[in-house]
Structures are given as C-alpha cells and as structure tokens.
Amino acid sequence: MSDIKQIEIRNLLIEDYEQLKETMTAAYENWTAGHWEKHHIEKLLRLFPEGQIAIVVDDQVVGCALTLRIKYSKFGDKHTYNQIIGNSSFDTFDAKGDVLYGIDVFIKPNYRGLRLGRRLYDARKELCEHMNLRAIVFGGRIPNYYKYAEKYTPKQYIAAVRAKEIFDPVLTFQLSNDFHVKKLLTGYLPYDKESHENAVLMQWDNIYYNEDDTAMSNVKSVVRLGLVQWQMRPHKNLDEFFDQAEFFVDAVSNYKSDFALFPEFFNAPMMMHYNDLNEAQAIRKLAEFTEPIRERFVQYAMSYNVNIITGSMPLMEDGKLYNVGYFCHRNGDCDRYDKIHITPDEAKFWGMTGGNKVKIIQSDCGPVGVVVCYDVEFPELGRILAEQDMNILFVPFLTDTQNGYGRVRNCARARAIENECYVAIAGSVGNLPKVHNMDIQYAQSAVFTPCDFAFPYDGVKAEATPNTEMILLVEVDITLLRELHERGSVRNLKDRRHDLYQVKTLF
C-alpha cells in the first residue's frame, strides 16, 4: 500500500453508501447474516450522525464504525445484539444516553495492517470524551473460538486469549486498545457460528466523565511522545537506512505514541559514499536523498498511525542549500519547516542558507512547533510560536561535543519555562569516522516542562541515557499547560509587557 496519498477520518455520509456496501461485502465475505441496507444507514445518520465514522483512503471509504447512544441502565449487562439495535429499528437510540454502544466496525481486507481499526477506535474514544459519555460498550465476537471449542469453554478461551496463549483477531485487538472484559454474553448473535453465538461484553471507561458537565473539550489531553536517539552507523545504501528508520517508527507506534521525533541530519551516514568530494559537494549529494526520504516517511506516518518529525536534511532549492525537515501527519499531509539560524560551520563548510518562515503546525493533538538545533538558542522563535498557542516544541539537534549539547539543552529548558510549553529534544549518538565534518556526536534526548507545582521541580520530565541508542517514551498532559496559563505561580505569557516590547516576524 506504498502508493497511498491520503488517510482521513470523518463522519459517514449517505453519499458514501455504494463505497460502504462494497467495503462491507469484502469485509464480511464469509458472513451469512447480511449487510446493512441503505435505509439502515439513512436512519443511523438521521438519529446520530456524529456516531457514524468513516475512514477514507484516497477518496475511497475502506472502513467504518457504527455507533448508538443509549441509556445503558435500560439493558444492563445481560442483553443481546438485537435488543441493543431494536431489531434493526434503532429505536433504542437515546439522545440523553450515557453510553456509546458500538454496533459494528469493519475494514476492507486489503487495507488491513495499516492500523485503521485503531484509528476508528480512537475516534470513538474522542467522541465519547467530547460528548462526556460514561463509557464505550459493545459485544465483541470471538471468531476463532470454533477452533478451540472442543478443548475450552468460552470462559477458558477468553482467559487464554487474555494470557496471550491464543490469538483471536477481534478480542486480542480490543484488549490491546484498552477495553476490558466485563462478562461473557451467551446467545448474543444467533447466526454467529464461529463464536458459537457467544460474545464478550467489552467496556472502555471515560476517565474524564463528569456527570455534571456536558461541555467537554475535543482536544486530546494526554499525548505520548516517542524520541529517537539515533545511532550513527554506516549504511550501504538507502534501503539499509530505511530499514533502521522503519524499525524505530514501528517500535514507537507499538507503544501508541502520537509523535516520533528524529534528530537533525540523521541521514548523514549516507555521505560516506562521497568522501572523494569536498564537504560542500558531499552535502549537496546528500540532498538528493531528501525527497525520497520525505516520501517514505509520509507513508510510514500513515501506515504506523504516528505523526513523524523527520529531524532535518539538506535540500537544494533555487540554487541554495537549506536545512529542512518535514512534519508528516498520520493522515497523509506533510508540512515543511526550515532551520532559520545557520551555524558558522554550516555556512563555512557547506555554504548553507537559513530559511525565513516561522509557523505553527496544526497537528491532530493540537498546535506544535519545530525549531532545529541552533534555532532553540534564539528565544524569539519560541515566543513567536507560543503566541500561536503552541503546546509542544520539538527540537531535533546534532551536537558533537558536550559544550554544544549544553547550549541546546539549557536553552530548551528556558524555552519551556518562558513559553509555558513542553519541549522535546532528540539527537544522534556515535561516531562516523568515514564522514568528513561529522566525526563524533554527543546527545542526551529529553523532554522538558515548565517549573511549577504540576510539573517536575527541575523541569525535566524524562531524559535518555547519554550517548546510547534508544527510544525515550514520554506522556505529557496538555490540560496542565492550560491550568498553568491561568493559575500558575508565575504567568510568563500573561505578564508580558506589550506596552514596552514586542516580538514579531517581518515575513
């Protein structure tokens, strides 16, 4: 599926029905109970349009999650599927219900493996939080049970799946997405022969549920960051480089990170093939790899369902050499950012030029900013981004000595305090003896916070082991920043003297 250009999650439309029907037919090829007819979808959309979610790949509906809002106390934990859907009338829908009940999820078979199911489940969770509902509930099938029915009771089978002794394509997936087992439902789907008419009552609890508050924010509050502390090593070719990069993307994705941050010039090992050239010529040859790397990382972001900050790479544009990176959104979009301030060595040895655009990036986890290495030592950039409501500042860097690293680290900590935001820095480690001007690297990747009661006293949320290849996984709570803006011990953003000074861009 490497030719995918765009992945989108949106509400289902009745105009999608023909594509939806094709997807249902493919997804339920061995299912004898029939599919949703158009009049069923029309009624669901009329009753509860926000609860019907489609996943669209390159303008084709390839998956869907159908949902009802119900008053759960009317049914309790012992119910059947037909009772929930009112024998396909959906008259059980309750606009004041407290539970989101999942009545169907399916993905077109040839689009499986792209973690699209997880996106649908995440969309349901976000809807549940946004609508301030108590929980998501559904009866999950156990389609592999028929293979073990002579050996296990349904209860034993569920226990074996939970212990990972047995794989079930539905139950295993649901457990990995934070749903817990409530009980076994017998006779849930009379025509489900594979499950022997059994289902597992699954529930995901909304920890932000407030019985007295229906106005919930739809912005994701807890965000997981994956920082790649990259080991510089020789690569025979670009495919070998991609193998290493994909390993890290896969690993970060497996931990359900929202972001993967790579370091500045993490593709520098490819310059070893141009040691016969001078530094300026070699870096320009390295720039030829930038577009293929960008394209591959866009695919990785979609396939692994993680937003990727690609560190930085050289780029030739209009006869000038820039240091640029890309924010690859997991929906297929891609934003570019430029290094604004070029170091003396980058100018002297490479003839590099600084960019001139400082802009916020609107991610699916809120507004974020990216500045590259030396840029973090200029407080104006962080302040410009903070004025655009930045929550997280990402800093890919490359430093050779502890002195250079100290400058990046200490300035990043300052940016977190003065802009009341999280700052994540990621660098490379190891040696490149066969690459001119890139001999040694020193790094300790980290996440920094403001210094107030809700945060670590020293502003260090987490940090990697110095000079060791590894991934640093860190969760940050965006709601703490909002509280800090309004009720912090000090309020750096609110207390600025706009009557005395201002920071602004000229472009």
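Evaluate the following for Glu463: is it without any contact (Cβ under 8 Å) to a residue 40 or more places away in the chain, within 21 Å of Ile309 (Cβ to Cβ) and surrounded by fewer than 19 Cβ atoms within 10 Å (Cβ to Cβ)?
The answer is yes for Glu463.
Among (1) outside any loop (DSSP other than H, G, I, E, B); (2) free of Cβ contacts under 8 Å to residues at least 40 places away in the same chain; (3) in contact with a Gly (Cβ under 6 Å, 6 or more places away or on another chain), where does Arg413 come up short?
Of (1) outside any loop (DSSP other than H, G, I, E, B); (2) free of Cβ contacts under 8 Å to residues at least 40 places away in the same chain; (3) in contact with a Gly (Cβ under 6 Å, 6 or more places away or on another chain), only one is false for Arg413: (2).
Residues are listed down the side, and each one gets a yes or a no for (1) of a type in the set (S, T, N, Q); (2) outside any strand (DSSP E or B); (3) touching a residue at least 60 places away in the same chain (Cβ under 8 Å); (4) touching a strand residue (DSSP E or B) at 6+ places or on another chain (Cβ under 9 Å):
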residue: Ile136; (1), (2), (3), (4): no, no, yes, yes
residue: Lys151; (1), (2), (3), (4): no, yes, no, no
residue: Ile158; (1), (2), (3), (4): no, yes, no, yes
residue: Ile166; (1), (2), (3), (4): no, yes, no, no
residue: Pro169; (1), (2), (3), (4): no, yes, no, no
residue: Thr172; (1), (2), (3), (4): yes, yes, no, no
residue: Leu175; (1), (2), (3), (4): no, yes, no, yes
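What are the residues in region 376-397 that are in a loop (DSSP other than H, G, I, E, B) and either in contact with a helix residue (DSSP H, G or I) (Cβ under 6 Å, 6 or more places away or on another chain) or polar (S, T, N, Q) (or both), if any?
Passing the criteria: Gln388, Asn391, Phe397.
Out of Gln244, Gln281, Gln203, which single residue is farther than 17 Å from Gly311 by Cβ, assigned to a helix (DSSP H, G or I) and either within 20 Å of the chain's Cα centre (by Cα) or not hydrophobic (A, V, I, L, M, F, W, C) (or both)? So that I can check it myself, show each step before the final result.
Values: Gln244 fails: farther than 17 Å from Gly311 by Cβ; Gln203 fails: assigned to a helix (DSSP H, G or I).
It is Gln281.
If you take the residues of region 431-455 that are of a type outside the set (A, V, I, L, M, F, W, C) and either at pLDDT 85 or above or under 19 Å from Leu227 (Cα atoms) (or both), which of them is surrounded by the most Cβ atoms within 10 Å (Cβ to Cβ)?
Step one: filter region 431-455 for residues of a type outside the set (A, V, I, L, M, F, W, C), giving 431, 433-434, 436-437, 439, 441-442, 444-445, 449-450, 452.
Still in the running and either at pLDDT 85 or above or under 19 Å from Leu227 (Cα atoms) (or both): 431, 441-442, 444-445, 449-450, 452.
Values: Asn431: 14, Gln441: 26, Tyr442: 19, Gln444: 21, Ser445: 30, Thr449: 26, Pro450: 25, Asp452: 19.
So, considering only residues that are of a type outside the set (A, V, I, L, M, F, W, C) and either at pLDDT 85 or above or under 19 Å from Leu227 (Cα atoms) (or both), the one surrounded by the most Cβ atoms within 10 Å (Cβ to Cβ) is Ser445.
Conditions tested, residue by residue: (1) without any contact (Cβ under 8 Å) to a residue 24 or more places away in the chain; (2) surrounded by 16 or more Cβ atoms within 10 Å (Cβ to Cβ).
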| position | (1), (2) |
| --- | --- |
| Leu68 | no, yes |
| Phe75 | yes, yes |
| Ser88 | no, no |
| Thr92 | no, yes |
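Which condition breaks for His39 when tested against (1) on the phi < 0 side of the Ramachandran plot; (2) exposed (fewer than 14 other Cβ atoms within 10 Å of the Cβ); (3) outside any helix (DSSP H, G or I)?
(3)
Across region 321-335, which residue is farthest from the chain's Cα centre (by Cα) among those that are closer than 16 Å to Phe289 by Cα and not small (Gly, Ala, Ser)?
It comes out as Leu321.
In region 210-230, how many are hydrophobic (A, V, I, L, M, F, W, C), at pLDDT 95 or above and either touching a helix residue (DSSP H, G or I) at 6+ places or on another chain (Cβ under 8 Å) or part of a loop (DSSP other than H, G, I, E, B) (or both)?
3
For the condition assigned to a loop (DSSP other than H, G, I, E, B), assigned by TED's automatic domain parsing to the domain that holds Ser445 and of a type in the set (D, E, K, R), what is the one hit in Asp276, Asp250, Asp335?
Asp276
Is one or more of the residues making up region 227-240 polar (S, T, N, Q), farther than 28 Å from Arg134 by Cα and surrounded by fewer than 16 Cβ atoms within 10 Å (Cβ to Cβ)?
Of all residues in region 227-240, those polar (S, T, N, Q) come to 229, 231, 237.
Now drop any that are not farther than 28 Å from Arg134 by Cα, which leaves 229, 231, 237.
With the extra rule that they be surrounded by fewer than 16 Cβ atoms within 10 Å (Cβ to Cβ), the set shrinks to 237.
Within region 227-240 (the criterion being polar (S, T, N, Q), farther than 28 Å from Arg134 by Cα and surrounded by fewer than 16 Cβ atoms within 10 Å (Cβ to Cβ)), the answer is yes, since at least one residue qualifies.
Would you please list the contacts, defined by Cβ atoms under 6 Å and residues six or more apart or on different chains, that run from a residue in region 343-356 that is within 24 Å of Leu506 (Cβ to Cβ) to a residue that is assigned to a helix (DSSP H, G or I) and among the aromatic types (Phe, Trp, Tyr)?
What qualifies is Thr343/Tyr374.
Here are some conditions: (1) more than 20 Å from Cys328 (Cβ to Cβ); (2) at pLDDT below 95. Met270 meets all but one. Which one does it not meet?
(1)
From Ala416, Ala347, grab the single residue that is of a type in the set (A, V, I, L, M), more than 23 Å from Tyr300 (Cβ to Cβ) and crowded, with 23+ Cβ neighbours inside 10 Å.
After ruling out the rest, the residue left standing is Ala416.
Would you point out which residue out of Val474, Val368, Val423 is more than 21 Å from Asp345 (Cβ to Cβ), touching a helix residue (DSSP H, G or I) at 6+ places or on another chain (Cβ under 6 Å), modelled with pLDDT of 95 or more and assigned to a strand (DSSP E or B)?
The unique qualifying residue is Val423.
Answer with yes or no whether Thr67 is touching a strand residue (DSSP E or B) at 6+ places or on another chain (Cβ under 6 Å), assigned to a loop (DSSP other than H, G, I, E, B) and among the polar types (S, T, N, Q).
no
The values are calculated or read from the model by the stated rules, or taken from the named source; none is laboratory data. Here the structure is a predicted model, which is why all the values come from computation and not from measurement. Backbone-built Cβ (ideal geometry, glycine too); neighbour counts: all protein chains shown.
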